[in-house]
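The values are calculated or read from the model by the stated rules, or taken from the named source; none is laboratory data. Predicted model only: the values in this text are computed from it and were never measured. A quick note on method: Cβ atoms are made from the backbone with ideal geometry, for glycine too, and the neighbour counts reach across all protein chains shown.
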Amino acid sequence: MAPLLQGIRVLDFGRYIAGPYCAALLAEYGADVIRIEKRDGSEDRFPAQVGGGVGALFLQMNRNKRSMTLDPASPQGREVVAKLVAGAEVVIANLPQATLTAMGLDYDTLRGYRPDIIFVTNTAFGPVGPMQRNVGFDAVGQAMAGAIYMTGTPEQPYRSTASWVDFGTALHCAFGTLAALMERQRSGQGQMVTGALLATALTVTNSSLIEQALVAPHRIATGNRGQTSGPNDVYAVNDGWVLVAVTGHPLFKRWARLMDQDASRAPSDPDWLNDPRFATDDERGRHRDILSERMGRWCATRSSDEVVKILGEAMIPCAPVLSPQQSLDHPQVQALGLLQDTHYPGLPGPAPVAAVPIWMTHTQPVPRQRPPLLGEHTEQILAELGYDEAAITALRAASVV
């Protein structure tokens, strides 16, 4: 069976995560994704260098893509862009609007080359509003959506080191791209698909914003301790840390029975199931310190494996807090087969690059291809556009590619 997106050509002018990961998702299902880079390489080749002249981010973002170098702002480069766009279905470019216009990659220019083109872009703060022209990275979304304020403590807010805003925006844009492809199949019309980091962050934190708008609890950060259920916290065990998350009354009843049966039960411990302080999730959240003290006392004398085993058998959510190396080595992580060994010239070993984290019974991703070397497919792609060897040589001499 042919790959789902076979025959769909995508031009990826993206930077860092939100654009390139959107394109990577399409490439996983068979789209011909051409990564178009600056002649000295795009920014995501350089952070967290792991060998071979590339960074870890580049290896994740660019599997299953082809690479060409191009200066799209030069007159000859614009000619190449016009030919590329005329033969493509999707263009992805997560760049500021002023930069897109200066480079000739804005939607009006692109649809002059192909009227039904689908143009996918995203901004930091959205397409309207007083900050629409401001630039930013993942953390600006975290900051303005209340996520940083609610992480850490009131004395020291913390941002997440995981770029969940960037990845969430890429997912939204990939969804929008597929919807736009379906619309074009139905109506023949292309369109512009716009995501925004702030919009993604506001979507993820929406329930907190709804609560604040309607009942104004004015919550503040409480570290790892949950505010609307309990016990919900990170607890010390005798060989590290575990996370335990008890939400909902059925889970709480199972937890209470486990605590009552344990030898560490103290005479001063309350009657967990009948005490009105623990009657609902909200009440348990308000009295989280009492619950976390009991859970912490139970965990302190046990190992991580023991806690996960006992709570797992009791159907109580729990997981060990793992370092990156421990995550790589964990049998559950390995059993998923998600991190696929991907070879790249110059690396000290295969890179464990994640596949698309979904499983479908019929539609399968294409076989993994390593990320491309810088400009590895430039001549091949130009030849597909009709450039002969002499013309390609002239483009190189003019520093266009």
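Scoring residue 364 on the criteria (1) outside the structural domain of residue 252 (by TED's automatic domain parsing); (2) modelled with pLDDT of 95 or more; (3) not in a helix (DSSP H, G or I) leaves a single failure, condition (2). Does residue 220 satisfy the condition of being part of a helix (DSSP H, G or I), β-branched (Val, Ile, Thr) and more than 30 Å from residue 354 (Cα to Cα)? No, not satisfied.
None of 148, 210 is aliphatic (A, V, I, L, M) and in contact with a Lys or Arg (Cβ under 9 Å, 6 or more places away or on another chain) except 148. The condition of being surrounded by 13 or more Cβ atoms within 10 Å (Cβ to Cβ), in contact with a helix residue (DSSP H, G or I) (Cβ under 7 Å, 6 or more places away or on another chain) and among the small types (Gly, Ala, Ser) holds for only one of 279, 314, that being 314.
Of the residues making up the stretch 366-387, those that are buried (at least 18 other Cβ atoms within 10 Å of the Cβ), of a type outside the set (A, V, I, L, M) and touching a helix residue (DSSP H, G or I) at 6+ places or on another chain (Cβ under 9 Å) are 370, 371, 378, 387.
Considering the conditions (1) more than 30 Å from residue 67 (Cβ to Cβ); (2) in contact (Cβ under 8 Å) with a residue 24 or more places away in the chain, residue 322 is excluded by exactly one of them, (2). Set side by side, the residues 211, 155 differ, and just one is over 19 Å from the mean Cα position of the chain (by Cα) and either in a helix (DSSP H, G or I) or touching a residue at least 24 places away in the same chain (Cβ under 8 Å) (or both), which is 211. When 104, 112, 129 are checked against the criterion of being surrounded by fewer than 18 Cβ atoms within 10 Å (Cβ to Cβ), under 13 Å from residue 81 (Cα atoms) and either at pLDDT 95 or above or over 23 Å from the mean Cα position of the chain (by Cα) (or both), 112 stands alone in meeting it.
Looking across the stretch 56-70, the residues that are buried (at least 20 other Cβ atoms within 10 Å of the Cβ) and of a type in the set (S, T, N, Q) come down to 62, 64, 67, 69. Against the test of being surrounded by fewer than 17 Cβ atoms within 10 Å (Cβ to Cβ) and either of a type in the set (Gly, Ala, Ser) or assigned to a loop (DSSP other than H, G, I, E, B) (or both), the options 73, 88, 27 yield a single qualifying residue, 73.
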